[in-house]
Amino acid sequence: MYSETVMDHFNNPRNQREIPDADGIGEVGNQKCGDIMRIFLKIHDNVIEDASFQTFGCGAAVASSSMATEMIKGKTLEEAWEISNKAVAEALEGLPPQKLHCSVLAEEAIHAAINNYLEKMGLEPWEEGEGSCAGCSGCGTD
Amino acid sequence: MYSETVMDHFNNPRNQREIPDADGIGEVGNQKCGDIMRIFLKIHDNVIEDASFQTFGCGAAVASSSMATEMIKGKTLEEAWEISNKAVAEALEGLPPQKLHCSVLAEEAIHAAINNYLEKMGLEPWEEGEGSCAGCSGCGTD
Amino acid sequence: MENKHEIYLDNAATTRTHPDVVSAMLPYFSLHFGNPSSLYSIARSSRTAIEEARRKVAAALGADEREIFFTSGGTESDNWAIRGIASAHGKKGRHIITTAIEHHAVLHTVEALEKEGFEITYLPVDEYGMVSPESVEEAIRPDTILISVMLANNEIGTIQPVQKIGEIARSHKIIFHSDAVQAIGQIPVDVRTMNVDLLSISAHKFGGPKGVGALFIRRGLRIDPLLYGGAQEQRRRAGTENVPGIVGLGAAIERAAAMMSEKAERMKKLRKRLIDGLLTIPKSRLNGHPTERLPNNVNIIFDYIEGESILLLLDANGIAASTGSACTSASLDPSHVLLACGLPHEQAHGSLRLTLGEETTEADIDYVLGVVPTVVQRLRDMSPLTPK
Amino acid sequence: MENKHEIYLDNAATTRTHPDVVSAMLPYFSLHFGNPSSLYSIARSSRTAIEEARRKVAAALGADEREIFFTSGGTESDNWAIRGIASAHGKKGRHIITTAIEHHAVLHTVEALEKEGFEITYLPVDEYGMVSPESVEEAIRPDTILISVMLANNEIGTIQPVQKIGEIARSHKIIFHSDAVQAIGQIPVDVRTMNVDLLSISAHKFGGPKGVGALFIRRGLRIDPLLYGGAQEQRRRAGTENVPGIVGLGAAIERAAAMMSEKAERMKKLRKRLIDGLLTIPKSRLNGHPTERLPNNVNIIFDYIEGESILLLLDANGIAASTGSACTSASLDPSHVLLACGLPHEQAHGSLRLTLGEETTEADIDYVLGVVPTVVQRLRDMSPLTPK
Ligand SMILES: Cc1ncc(COP(=O)(O)O)c(C=O)c1O
Ligand SMILES: Cc1ncc(COP(=O)(O)O)c(C=O)c1O
Ligand code: FES
Ligand code: FES
């Protein structure tokens, strides 16, 4: 059911660890959905120098976290913010329809971590655009 | 679905012919049911000396006619009258439930032929007892 | 086969599962036996096999693979199509149009709905068993929600003008179901040109195994499930998938489609030989349409004699045939199809159906043509109806 | 099987069709392929084979053979039992009692009836997944027409007190259905001592093929068909019989019944070894009843980690297992059974079900006991829920 890339990121997750002195931490998801994702960012001069994750969730959730952290490393905050769940899913070579929400979770976790950093710095949090859970039919439809 | 005896009587019907100078002829059944049975009797001194049949119908109808004519030969009219459809079916080593009405048809045909003889002789026809189509669920139940 | 002479001419009742089809199925019993819904790798072959079969069925019907839903056979497909639409669209209207000559899987289903307050129009057929598209159009009411007309009849082989009926249904925005159980492998079936929304098929009628079939459901059509439970088949048909059966259905339909036109030509030649030979028997008549009929179907009435007796004597001569349809052969009822074609009762009890198959040879036909006249004569000698 | 290490511990999802069962089925595809409803002699073997299978199923259930009706599987049996009773007895009353932990084939069917105006009572279960007979008695109303309680649960293996529930149902003259799909071949099943009127089984859960099952219908019970059509199965279940499948069901149930008590003993020993070993992992708990459970069922929660991830890592190690039930593994829903047992959501997402089979060995168990702790540790390291 999962692509080889998903299985590779699930079996060999990149950046799966805590960053104890993280500059921004974002946690999203809820236990009812069966997915919780936490993303840690180390930020210097508006650039994400390091990123890591912790995830309670299915294979797609783990792979999405792993891929997302890889994708944002070295990016500016603006660039990272623009990484959509679609981009994560595509980088993973696709996700089954019922698992798309897991990539949405990754997008949200990045946003949450960036906003956490911005708030710590006394800045305005950025606003969510379209996308995220809006286009996702995961929760509560059954 | 049929016993060996049924198949034997179907494949080698006994007494299947007309008796041109029959003393009694009985015809029962109707085309709607898909079964018509005609029984011919040659009667001497209250005894059935010869019996024969013609049948339009299924394997069970043919076998029942064949067996019934065998069973009544040499019998008195009273004895022949008492031969029930059950006796015919038993002599055939059983009939499938949905084919029991075919043996009923044979009982009725015998009765009709005897009464036809009695009427020809200016006698009262005998009355049907229980049994016959009463206990049969063939016609019109579907 | 148990007899010396064994000539099987009841391919409309069921067909031999082709040995190649059985070979295709075999690995899915004991080797790749995983539940297709399972995650782990050993179940992946089951899932892949099902989806491969779905592609094959879709290709044979000109459908999209997401429009193919596997069932337990033609009966379930027919029941599901009709009840599923009645249940999902019953609020919009409670009128259904069908024909007098449908298979019992359709007729008894609409009769059950009749008891639940639906109104059913049973369209008549002409003497050849043909439904007229005009009669369909005339029967349409504002509350009509479904039209169900079979593609080809199982008893007399008449092929209906479903494409025209489909056009009419579509122009009135009414859902159109067709029972194509007898048609697959015999005549081209294309769900788009037919304009159908639902189409039933059954594997064992074209060299596949018994107990598996499919329902084509046009993309976007709203239909309720017949079987509720697990999330299989896009949540529309619950139950652990019959993996070997589905693989067999796929293999059989691919095979049947590939050989269809060649086979149909051969069947038509054999059919002509058989019909011409049988009609030399006095007081015999062909049932069904002379040209618009399944290439393998022969259905003949011999006056004065009854169907089951013919079958038994043919069987004694090693010929497997049927009268009416197989599923009613244990019952006493005359053929509802022949009655609808206007035949009287005694004749509706007395038809002989011979349906050829890919294994049928010219020698078989000639043997049959040698046997039938004797059998007919023998039964006519026995019948009180035969004129002197 | 595709992997090096292949340990199949998902026998509740489906079992390997036993090679002896496949051998029994094989002649009925291409050799004795006749339609059982046909008259002629070549179809006789099909008819005989079906009736022989019916005797075997009846013998295994303590039923009369005329009380056994073949279906396309457990799902159809459950749907038929419930909908057939609702339809035949709906005028008498529209209340149905079932439990919160039934299989979806029961739950989604009664939910569909709910939309049609039936009222459903979903009985709660205790923390072990056990229904109390008292709660059944209390739920009975004058308009109750059906009680449906499964014999053994497919996720946690808990065996219900169906005999007592059956007594209560009978004393109130209410029809009682039990889904025994998971019980056959594992624990004794006798329809008379259980006091059931209807009982569902499915062949592929005990070494038979997928796509075939049966419904026991007590003699004299009035029930409507689910599938309308031909006159098969005493006119109660239409459709050309899946002869090979039915033969496989018969062969499998005979085999399963013969080896049951020996197998159950072996399963219980292996189960104990597996449970004891797994519970040495910190923060782990057994779901389901400690003693009243299927001999082959192990269901464990490991705190802080999620089910699918466990499965994927076990699969990478050649172990086939499941979380929840197979048919929902593609969905996101937590287990409705574990929620009903009172577990919080994150735990209802995280159970590991291991169901042993006749091929399971002690070495398999020991291998699993070597793998699971590493997998659990790895996922706990990854989880934001794991306390430091
Ligand atoms: C036209 C038609 N429809 C439906 C069916 C039912 O198919 P099945 O017996 O496979 O359920 C049949 C054959 O029995 C048929 O000939
Ligand atoms: C308890 C229970 N009931 C019903 C079913 C449905 O059986 P099937 O998948 O054979 O239709 C299953 C298994 O899937 C089951 O475990
Ligand atoms: S995060 Fe719960 S479904 Fe999208
Ligand atoms: S004679 Fe017609 S059914 Fe008895």
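General observations
- Count of the stretch D:107-126 residues which are among the hydroxyl-bearing types (S, T, Y) and within 12 Å of chain C (Cβ to nearest Cβ): 1
- Taking first residues from the stretch A:106-135 that are closer than 20 Å to A:G57 by Cβ and partners that are modelled with pLDDT under 90 and assigned to a helix (DSSP H, G or I), the Cβ contacts under 7 Å between residues at least 6 apart in sequence or on separate chains come to A:E107/A:S132; A:E108/A:S132.
- For the stretch C:49-74, the set of residues classified as of a type outside the set (A, V, I, L, M, F, W, C) and more than 19 Å from the chain's Cα centre (by Cα) consists of C:E51, C:E52, C:R54, C:R55, C:K56, C:D64, C:E65, C:R66, C:E67, listed by residue number.
- Single condition D:N296 does not satisfy, out of (1) more than 14 Å from every other protein chain (Cβ to nearest Cβ); (2) free of Cβ contacts under 8 Å to residues at least 24 places away in the same chain: (2)
- Taking the stretch B:87-105 as the range and being charged (D, E, K, R), surrounded by fewer than 21 Cβ atoms within 10 Å (Cβ to Cβ) and either within 16 Å of ligand 3 (Cβ to nearest atom) or in contact (Cβ under 8 Å) with a residue 24 or more places away in the chain (or both) as the test, only B:E93 passes.
- Checklist (1) over 30 Å from D:L314 (Cα atoms); (2) facing chain C (nearest Cβ under 8 Å); (3) open to solvent by 10 Å² or more (accessible area, probe 1.4 Å) applied to D:H18, failing item: (1)
- Qualifying residue in the stretch B:91-102 (condition: outside any loop (DSSP other than H, G, I, E, B), away from ligand 1 (no atom under 16 Å from the Cβ) and modelled with pLDDT of 95 or more): yes
- Members of the stretch D:75-97 found to be open to solvent by less than 10 Å² (accessible area, probe 1.4 Å) and within 18 Å of the chain's Cα centre (by Cα), listed by number: D:E76, D:S77, D:D78, D:N79, D:W80, D:A81, D:I82
- Hits in the stretch C:81-106 - residues which are touching a Phe, Trp or Tyr at 6+ places or on another chain (Cβ under 8 Å) and either away from ligand 1 (no atom under 16 Å from the Cβ) or within 11 Å of another protein chain (Cβ to nearest Cβ) (or both): C:A86, C:G90, C:R94, C:H95, C:I96, C:H104, C:A105
- The stretch C:212-228 - residue that is open to solvent by less than 10 Å² (accessible area, probe 1.4 Å) and small (G, A, S) and, of those, nearest to ligand 3 (Cβ to nearest atom): C:A214
- Scanning the stretch D:230-272 for residues that are in a helix (DSSP H, G or I) and at the interface with another protein chain (Cβ under 10 Å from one of its Cβ atoms) yields D:Q232, D:R235, D:V243, D:P244, D:G245, D:I246, D:G248.
- Residue in the stretch C:301-310 that is open to solvent by less than 10 Å² (accessible area, probe 1.4 Å), modelled with pLDDT of 95 or more and among the small types (G, A, S) present: no
- Of everything listed in (1) open to solvent by 50 Å² or more (accessible area, probe 1.4 Å); (2) out of contact with any helix residue (DSSP H, G or I) (no Cβ under 7 Å at 6 or more places or on another chain), the single unmet condition for A:T76 is (1).
- Test for C:E6: is it more than 10 Å from chain D (Cβ to nearest Cβ) and open to solvent by 10 Å² or more (accessible area, probe 1.4 Å): no
- For the stretch C:192-229, filtering for residues that are within 26 Å of D:F33 (Cβ to Cβ) and within 14 Å of chain D (Cβ to nearest Cβ) leaves 16.
- Tally of residues being away from chain C (no Cβ under 13 Å) and of a type in the set (V, I, T) across the stretch D:44-66: 1
- Residue check for C:R141: within 14 Å of another protein chain (Cβ to nearest Cβ) and either farther than 23 Å from D:A88 by Cβ or in contact with a strand residue (DSSP E or B) (Cβ under 7 Å, 6 or more places away or on another chain) (or both): no
- Residue in the stretch D:352-368 that is assigned to a helix (DSSP H, G or I) and among the β-branched types (V, I, T) present: yes
- Within the stretch A:1-49, the residues that satisfy the criterion of being touching a strand residue (DSSP E or B) at 6+ places or on another chain (Cβ under 9 Å), within 20 Å of D:L385 (Cβ to Cβ) and basic (K, R) are A:R17, A:R38.
- Listed conditions (1) within 16 Å of ligand 2 (Cβ to nearest atom); (2) within 11 Å of another protein chain (Cβ to nearest Cβ); (3) touching a helix residue (DSSP H, G or I) at 6+ places or on another chain (Cβ under 8 Å) are all met by C:F69, apart from (2).
- Selection count, the stretch D:284-293, where residues are touching a residue at least 60 places away in the same chain (Cβ under 8 Å) and among the charged types (D, E, K, R): 2
- A count restricted to the stretch D:316-336 and to residues that are modelled with pLDDT under 95 and either under 24 Å from D:V125 (Cβ atoms) or of a type in the set (D, E) (or both) stands at 14.
- Taking the stretch A:48-70 as the range and being open to solvent by 30 Å² or more (accessible area, probe 1.4 Å) and either over 24 Å from A:G34 (Cα atoms) or outside any helix (DSSP H, G or I) (or both) as the test, the residues that pass are A:E49, A:D50.
- Close pairs (8 angstrom Cβ cut-off, 6 or more residues apart or separate chains): more than 14 Å from chain B (Cβ to nearest Cβ) in the stretch C:341-362, in a loop (DSSP other than H, G, I, E, B) and surrounded by fewer than 18 Cβ atoms within 10 Å (Cβ to Cβ) anywhere: C:C341/C:D126; C:C341/C:E127; C:C341/C:Y128; C:G342/C:E127
- Selected residue (criterion: nearest to ligand 4 (Cβ to nearest atom)) from residues of the stretch C:187-205 that are farther than 15 Å from C:L221 by Cα and open to solvent by 20 Å² or more (accessible area, probe 1.4 Å): C:K205
- Among the residues examined, D:H32 does not qualify as more than 7 Å from chain C (Cβ to nearest Cβ), open to solvent by less than 10 Å² (accessible area, probe 1.4 Å) and either over 23 Å from C:S77 (Cα atoms) or of a type in the set (D, E, K, R) (or both).
- Listed here are the helices (runs of 4 or more DSSP H) enclosed by the stretch C:63-158 that have at least 3 residues being more than 23 Å from C:R219 (Cα to Cα): C:104-115, C:133-139.
Each row is one residue, and each column tells you yes or no for (1) within 30 Å of C:R47 (Cα to Cα); (2) open to solvent by 10 Å² or more (accessible area, probe 1.4 Å).
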| residue | (1), (2) |
| --- | --- |
| C:N153 | no, no |
| C:A169 | no, no |
| C:G208 | yes, no |
| C:A231 | yes, yes |
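The values are calculated or read from the model by the stated rules, or taken from the named source; none is laboratory data. Please read these numbers as outputs of a predicted model, since none were measured by experiment. With ideal geometry, Cβ positions are generated from the backbone for all residues, glycine too; neighbour counts draw on all protein chains shown. Just the protein is used for accessible areas: all its heavy atoms, side chains included, with ligands, DNA and RNA removed. Shrake-Rupley method; radii C 1.70, N 1.55, O 1.52, S 1.80 Å.
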